[in-house]
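The values are calculated or read from the model by the stated rules, or taken from the named source; none is laboratory data. Worth saying up front: this structure is predicted, and the values here are computed from it rather than measured. So basically every Cβ, Gly included, is an ideal-geometry build from the backbone, and we count neighbours across all protein chains shown. Surface accessibility is based on the protein's heavy atoms, side chains included, excluding ligands, DNA and RNA. Shrake-Rupley method; radii C 1.70, N 1.55, O 1.52, S 1.80 Å.
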Amino acid sequence: MDHLGTLAGLKVTLITNAFRSLKKRSRFEFMVLAVFFVAAAAGLYFFFHFSFRFFRAQEPFGPILIDETFYLFTFSLFVMLLISSSVSSYTSLFRSREIPLLASTPVEWNEIYFLKLAESLWYSSWAFLFVALPFVTAYGIHKGAGLFFPVLCFAFFIPFVVLTGSLGTLLSTLIIWFLPNRRRRRLALALAVTFIVFLFVRAQPSLIKEQGSIAGIMSGYLPHLSFAKNPALPSCWASRGILSLATAESRALMGWQDGLFYFSLLLSNALFFLIPSYSVATQLYSKIYLRFQDHGSGETARRIKLRKGFERAIDGLKWPPRPVMAFLEKDLKTFARDPAEWSQLIIFFGLLLLYFMNLRNLEFHVLQTFWKNVVFVLNTIGTYIVLSSFNMRFVFPMISLEGSRFWIIDLSPVRFSDLLLEKLALGITISTLLTLPLIFLSGWMLKIPMSRILFTAGLGFFVCFALTGMSVGFGAIFPNFKSDNPNEIISGFGGSLLLVVHLTYLAVIGLFLMLTSDPHALIFVTVAMGSILAGVYPIKLGRAALKKMEF
Amino acid sequence: MAAMVEFIGIKKCYGNKVAVKGLDLEINMGEIFALVGPNGAGKTSSLKMLVGLLKPTGGQIRIGGYDFAAERVKAKGLVSFVPDTPYVYEKLTPWELLRFVGKLYSMHPKVIEEEGTMLLEFFSLSHVQDVLIEEFSHGMRQKAVLASALVHQPKVFILDEPMVGLDPMSIKSFKDFIRRKAAEGMTIILSTHALYLAEELADRIGIIHEGELIALGSIKDLQKKYQSRENLENMFIKLVETEEIRSQKE
């Protein structure tokens with residue numbers, strides 16, 4: 001481990017230089033981004049603040065419910081960090097272009113493993129911090145712990161992230177070791193998901209006893225939230241530790257020892273899990289990495305047959321023109337061959353599917369009409385937020401990823417408008433296929449009247465149009481031809497601005513859906529027209545920007 | 001002359017496909033050796049096995065007397081590798097890149113400074129030594145990569161398509177530099193499709209085809225062996241065509 005210091009120094013220099021190069025950006029960009037981050041954090045804070053106020057008002061369950069929420073929050077954080085660190089460690093441990101450089105120097109494989117583990121911890125956790133901070137601040141204020149609470153949470157967050165990240169990284173490394181064959185890995189994942197769905201469905205008893213009041217509904221739900229309090233879960237240790245240290249009252253009740261015990265429990269487990277990580281890093285990592293380099297002997301006969309069939313189908317189409325079709329074929333193949341990236345989306349859309357399928361087990365369909373509509377609108381907006389992330393990740397970087405080859409497009413007999421329309425059509429098709437069935441399923445499971453389901457799903461098509469149009473347009477207005485890394489492209493000014501625009505648009509759509517209890521043609525037409533405008537205008541601007549560009 | 005690099009029965013398979021078929025080769029200290037061959041012949045696989053980026057399916061590699069499998073770190077300490085599409089830290093300056101690589105090879109800061117200054121001057125990067133590499137053209141990036149690969153004064157310098165992106169002046173001075181370093185005892189192994197470069201620079205040339213070394217020797221040896229007065233390019237094409245006809249017959 002002689003080189004870890006040098007490698008850590010390298011990363012510090014890279015971060016410092018990245019900040020240095022940020023200074024070259026315009027003040028306007030900084031202002032827009034700063035305003036967005038402050039507004040988003042404030043928005044989240046107020047959302048949590050009002051939610052806690054609402055919970056507290058529900059006597060006699062308020063205080064209990066607030067505590068349960070904290071356990072649920074840390075539990076969700078645990079699950080999401082576990083998934084996120086597994087996925088990001090797969091990319092950073094096996095696909096990073098930095099590894100061949102380091103591996104050809106005297107740096108040991110276990111040093112590379114720990115460097116990549118640290119990177120994966122950072123990549124998988126920083127975004128959660130952004131959501132967690134407004135939550136814990138609002139929570140601390142409601143508990144009367146003030147600003148001491150976020151500081152306390154941060155102290156617990158560090159060993160919690162190390163423990164969860166080490167577990168996630170170990171998990172993905174061991175899965176790849178035991179299941180080197182990609183097809184078997186997919187099969188195992190499908191089996192695991194089916195098993196979890198089965199458990200989830202079986203474990204949901206009848207929940208709602210009495211729905212005349214929120215208290216009645218809660219009395220049905222509260223006992224079933226206890227899974228988040230399982231003492232074997234690190235999220236439970238973090239919650240108990242934080243809650244016992246949060247206020248003078250809780251400290252007097254449970255004593256400092258309790259908090260310190262749970263902190264030590266987290267810390268010691270985090271340190272303990274570095275031991276199996278070290279073993280994997282020393283014994284297995286190089287073997288797995290080198291096995292990864294041994295690419296197979298090419299496509300299987302079945303795949304070739306599939307690919308040929310796809311190519312024949314594409315060739316058989318009379319429209320759009322061939323050059324545009326060439327881009328369509330390339331984009332579809334590129335998308336399909338990038339499983340490491342789209343697997344994250346499958347997870348998120350899969351979780352939505354799982355949740356919607358269980359709406360009847362959760363007995364949401366027997367709620368009063370008002371609450372059913374609230375759940376339906378929230379479900380729909382949740383689906384759009386996941387769709388927005390799909391557009392941000394896949395559609396927005398499409399033009400940038402044409403990269404240094406973009407001059408070829410400029411010379412070829414393809415109009416920029418055709419190219420943008422191809423990206424738009426592809427994006428809308430995939431978005432619609434992902435979103436509308438989910439909205440339909442959510443409404444059907446909630447027993448929402450068919451007219452309202454059709455109204456919302458119909459509007460959903462226009463929302464897909466708007467989100468995709470904005471993503472294609474912004475991708476053309478703010479291309480980054482220097483980078484071939486989608487994450488880097490998204491994190492630029494254009495990507496950040498697009499996020500602001502997406503969220504603002506979705507907030508407006510959410511308000512419309514919330515305020516229209518009955519489907520109304522005028523509202524439908526207004527939202528549809530507005531969405532078409534929101535999608536088309538950025539594309540027009542993008543086309544003009546591309547025309548002006550010099551390559 | 002002492003062998004600096006030894007491939008002993010090296011074999012590499014990717015699934016059912018055999019990329020390198022029992023390669024036996026010795027490359028001497030101070031020698032410039034060029035590995036040429038058509039695309040997919042096994043050149044890059046052989047070089048990657050030499051630096052530990054691929055694991056041989058069979059055989060042994062020795063560098064400076066060290067068995068690569070058993071004494072990896074010691075062997076790697078002697079080697080430097082520049083791949084055909086090298087990774088470069090965009091957010092480092094050339095100077096920071098040299099410092100980082102020097103530290104990885106446990107060099108003393110003073111030595112890093114001396115060697116680094118010399119290399120930055122040689123590659124005409126002194127005036128941009130504090131500029132982030134992300135702002136460089138392709139050729140300048142390549143220069144920064146070459147400079148960083150040389151900072152620890154490797155005994156064996158392995159290059160995959162080394163001149164891509166360099167301007168004519170830089171190519172000329174880099175060729176002189178390679179000759180000078182070889183004369184000082186550095187072993188240089190290059191894989192290239194630019195046959196004129198191999199002909200001009202290399203003491204010996206190995207032609208690899210479908211994972212087999214089909215010809216080995218200096219350009220004069222090869223001309224003598226194949227009774228040809230042609231340059232390497234024509235000889236290479238004829239040899240590869242003959243091999244293809246032979247393998248089709250088999």
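Values for this structure:
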quantity: Positive-pole candidate from A:Val162, A:Gln283, A:His3, dipole of chain A, charges at beta carbon; calculated: A:Gln283
quantity: Two-site label geometry, A:Ser226 and B:Ala3: point separation in nm, points 7 Å out along Cα→Cβ; calculated: 7.2 nm
quantity: Relative contact order (%) - criterion: Cα under 8 Å, at least six apart; region: chain A; calculated: 14 percent
quantity: Computed [θ] at 222 nm, deg cm²/dmol, chain B (DSSP H ≥ 4; -39,500 (n - 2.57); rounded to nearest 500); calculated: -12000 deg cm²/dmol
quantity: Beta bridges per DSSP with both ends in the protein assembly as shown, % antiparallel, nearest 5; calculated: 55 percent
quantity: Cβ-Cβ FRET estimate between A:Ser96 and A:Ile15, R0 fixed at 22 Å, reported to 0.05; calculated: 0.85
quantity: Sorted peptide list for A:492-498, A:49-55, B:112-118, criterion being average Cβ within 10 angstrom, highest first; calculated: A:492-498, B:112-118, A:49-55
quantity: Estimated distance in nm for a label pair at A:Thr526 and B:Asp203, the labels positioned 7 Å out from Cα along Cα-to-Cβ; calculated: 8.4 nm
quantity: Within region B:1-106, GluC sites (Glu not before Pro) in DSSP loop having at most 15 other beta-carbon neighbours inside 10 Å; calculated: B:Glu71
quantity: Relative contact order %, chain B, counting alpha carbon pairs below 8 Å whose residues are six or more apart; calculated: 26 percent
quantity: Shape category assigned to chain A from the gyration tensor of Cα positions, a/c cut at 1.5; calculated: oblate
quantity: Summed residue charge, Cβ within 15 Å of A:Ser239's Cβ, Lys/Arg positive, Asp/Glu negative; calculated: 0
quantity: Two-decimal Rg to Rh for region A:317-551 - Kirkwood Rh, Cα set; calculated: 1.01
quantity: Net charge over other residues, Cβ less than 14 angstrom from the Cβ of A:Gly427 (K, R count +1; D, E count -1); calculated: 0
quantity: Distance between region A:452-504 and region B:131-200 - C-alpha centres, whole angstrom; calculated: 43 Å
quantity: At R0 = 25 Å, FRET efficiency that the Cβ-Cβ distance of B:Gln223 and B:Gln60 yields, to 0.05; calculated: 0.20
quantity: Net +/- balance of residues flanking B:Gln223 in space, Cβ distance below 9 Å, scoring K and R +1, D and E -1; calculated: +2
quantity: Charge dipole of the protein assembly as shown about the Cα centre (unit charges at C-beta), most positive-ward option of B:Thr242, A:Leu233, B:Trp95; calculated: A:Leu233
quantity: Under the Debye formula (equal points on every Cα, no solvent term), log10 I(q)/I(0) of region B:84-134 at q = 0.18 Å⁻¹; calculated: -0.56
quantity: Nonlocal amide H pairs with B:Phe81, under 5 Å, H built at 1.01 Å; calculated: B:Ile158
quantity: Approximate spin-label separation A:Tyr537-A:Trp177, in nm, with each point projected 7 Å along Cα-to-Cβ; calculated: 5.6 nm
quantity: Region B:35-191: antiparallel DSSP beta bridges as a percent of all, rounded to 5; calculated: 15 percent
quantity: Packing-based ranking, highest mean first, of A:381-388, A:109-116 given that Cβ atoms within 10 Å are counted; calculated: A:109-116, A:381-388
quantity: Cα principal axis extents for chain B, largest first, Å; calculated: 59, 41, 36
quantity: Only Lys, Arg (+1) and Asp, Glu (-1) charged, at Cβ; the protein assembly as shown dipole about Cα centre in debye; calculated: 1500 debye
quantity: Residues B:Thr117 and A:Ser389, FRET efficiency given R0 of 51 Å [Cβ-Cβ distance, rounded to 0.05]; calculated: 0.60
quantity: Region A:1-68-region A:125-182 distance, computed between alpha-carbon centres (Å); calculated: 13 Å
quantity: Helix-derived mean residue ellipticity, 222 nm - over chain A, DSSP H n ≥ 4, -39500 (n - 2.57), to 500; calculated: -27000 deg cm²/dmol
quantity: For region A:79-107, residues shielded by at least 10 square angstrom of accessible area compared with the chain on its own, probe 1.4 Å; calculated: A:Arg97, A:Glu98, A:Pro100, A:Leu101, A:Leu102, A:Ala103, A:Ser104, A:Thr105, A:Pro106, A:Val107
quantity: Unit Cα scatterers, Debye sum, region B:137-250: log10 I(q)/I(0) for q = 0.13, 0.14, 0.16 Å⁻¹; calculated: -0.59, -0.67, -0.83
